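*Asks:* I am attaching a structure below and will ask some questions about it afterwards.
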Amino acid sequence: MLKINNLTAAVDAGQKTILEGLSLEIPAGEVHAVMGPNGAGKSTLSYVLTGREGYDVTGGKVELEGENLLDMDPEERAAKGVFLSFQYPLEIPGVPTMTFLRTALNAQRKARGEEEMSAPEFLKKSRALAKDLKIKPDMLKRPLNVGFSGGEKKRMEIFQMMMLEPRFIVMDETDSGLDVDALRIVADGVNRLRNPDRGMLIITHYQRLLDYIVPDKVHVLAGGKIAASGDADFAKKLEAEGYDAYAA
């Protein structure tokens, strides 16, 4: 589904290389986790995949279902079904959560040549999902993420993800700042989205998230590339032994 071949990327107008020949393939239906030390390039990988400005691809290829992802603008990638769950979700004052989400949902539908979701259908679906994620109705009426706690922001992102039903999900340290209860709620939402047609890339420092979202494969990102890979148990080994053995 997602194929990354010898990807190199830099910041500071190309002066500082972060990713150096990274290759990774994630088939449809699988959840892969990427772990690694600070500064290894984990967040850079998520930004490159989603087209964030300031991250320059200097070599390699990235394909999503056979299409060149790097040739697409960020909004095109979103319309193709690429979703990024941020480590630090943004606040957007003055923009009601439901207005933001319905606008995003119907913009993607329009880009794919689909009919817009009607207001009654949107409300029915959003209320059901909000209840499952323990999101209070008043949160949906507030400006997006404004005044939310860290856990509430992460739940709101999972809510958006479940509403949009993306094809490929990138989660950048979604477990950051979550207590155990919030972690379980977030993980339950993610697990509900697992299916044979959807791929997921989970970026995390810690193994604890992977107790709740069990990956098909775990990779170590070190020195700007994938240094080692293994099954779900590999994450426990990394948690116990650290990343020194994989340092460049």
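The values are calculated or read from the model by the stated rules, or taken from the named source; none is laboratory data. None of these values were measured; they are calculated from a predicted model. Cβ atoms come from the backbone with ideal geometry, glycine included; neighbour counts cover every protein chain shown.
*Asks:* Of these, 139, 117, 98, which one is of a type in the set (A, V, I, L, M, F, W, C) and at pLDDT below 90?
*Replies:* Answer to the selection: 139.
*Asks:* Let me ask something additional. Please state which one of 71, 56 is closer than 28 Å to residue 246 by Cα, charged (D, E, K, R) and out of contact with any Lys or Arg (no Cβ under 9 Å at 6 or more places or on another chain). Working first, answer last.
*Replies:* Numbers: 71 fails: closer than 28 Å to residue 246 by Cα.
Testing whether each residue is closer than 28 Å to residue 246 by Cα, charged (D, E, K, R) and out of contact with any Lys or Arg (no Cβ under 9 Å at 6 or more places or on another chain) leaves just 56.
*Asks:* May I pose another question? Considering only segment 33-46, state which residues are within 15 Å of the chain's Cα centre (by Cα) and either surrounded by fewer than 20 Cβ atoms within 10 Å (Cβ to Cβ) or among the aliphatic types (A, V, I, L, M) (or both).
*Replies:* Within segment 33-46, 33, 34, 35, 43, 45 qualify.
*Asks:* Working only within segment 76-95, note down all residues that are crowded, with 16+ Cβ neighbours inside 10 Å, in contact with a helix residue (DSSP H, G or I) (Cβ under 7 Å, 6 or more places away or on another chain) and not aromatic (Phe, Trp, Tyr).
*Replies:* Across segment 76-95, the qualifying residues are 77, 78, 79, 82, 84, 85, 87, 89.
*Asks:* Next question, about the same structure. When segment 48-73 is examined, which residues are found to be crowded, with 22+ Cβ neighbours inside 10 Å and closer than 17 Å to residue 86 by Cβ?
*Replies:* 48, 49
*Asks:* Given (1) assigned to a loop (DSSP other than H, G, I, E, B); (2) modelled with pLDDT under 90, identify the lone condition not met by residue 214.
*Replies:* Among (1) assigned to a loop (DSSP other than H, G, I, E, B); (2) modelled with pLDDT under 90, the lone unmet condition for residue 214 is (2).
*Asks:* Right, next: Being out of contact with any Leu (no Cβ under 8 Å at 6 or more places or on another chain), charged (D, E, K, R) and over 23 Å from residue 120 (Cα atoms) is the filter here; which residues of segment 76-110 pass it?
*Replies:* The one that is out of contact with any Leu (no Cβ under 8 Å at 6 or more places or on another chain), charged (D, E, K, R) and over 23 Å from residue 120 (Cα atoms): 76.
*Asks:* While we're on this one: Determine whether residue 231 is farther than 12 Å from residue 33 by Cα and either among the charged types (D, E, K, R) or in contact with a His (Cβ under 8 Å, 6 or more places away or on another chain) (or both). Walk me through it before giving the result.
*Replies:* Details: farther than 12 Å from residue 33 by Cα: no; either among the charged types (D, E, K, R) or in contact with a His (Cβ under 8 Å, 6 or more places away or on another chain) (or both): yes.
Criteria not met by residue 231.
*Asks:* Ok, one more. Is there a residue in segment 181-204 that is at pLDDT 85 or above, touching a Lys or Arg at 6+ places or on another chain (Cβ under 9 Å), assigned to a loop (DSSP other than H, G, I, E, B) and crowded, with 20+ Cβ neighbours inside 10 Å?
*Replies:* The answer is yes, given that some residue of segment 181-204 is at pLDDT 85 or above, touching a Lys or Arg at 6+ places or on another chain (Cβ under 9 Å), assigned to a loop (DSSP other than H, G, I, E, B) and crowded, with 20+ Cβ neighbours inside 10 Å.
*Asks:* Considering only residues that are in a strand (DSSP E or B), of a type outside the set (A, V, I, L, M, F, W, C) and touching a residue at least 24 places away in the same chain (Cβ under 8 Å), which ones fall in segment 28-83?
*Replies:* 32, 56, 58, 59, 60, 61, 63 - these are the residues of segment 28-83 that are in a strand (DSSP E or B), of a type outside the set (A, V, I, L, M, F, W, C) and touching a residue at least 24 places away in the same chain (Cβ under 8 Å).
*Asks:* Name the one entry in 121, 152 that is under 22 Å from the mean Cα position of the chain (by Cα), charged (D, E, K, R) and farther than 15 Å from residue 100 by Cα.
*Replies:* 152
Residue by residue, here is whether (1) crowded, with 17+ Cβ neighbours inside 10 Å; (2) β-branched (Val, Ile, Thr); (3) on the phi > 0 side of the Ramachandran plot holds:
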residue: 104; (1), (2), (3): no, no, no
residue: 125; (1), (2), (3): no, no, no
residue: 130; (1), (2), (3): yes, no, no
residue: 169; (1), (2), (3): yes, yes, no
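*Asks:* Do any residues in segment 232-248 that are at pLDDT below 90 have Cβ atoms under 9 Å from those of residues that are surrounded by 13 or more Cβ atoms within 10 Å (Cβ to Cβ) and basic (Lys, Arg), where the two are at least six apart or on different chains, and which pairs are they?
*Replies:* Short answer, once both residue conditions are applied: 239/208; 248/225.
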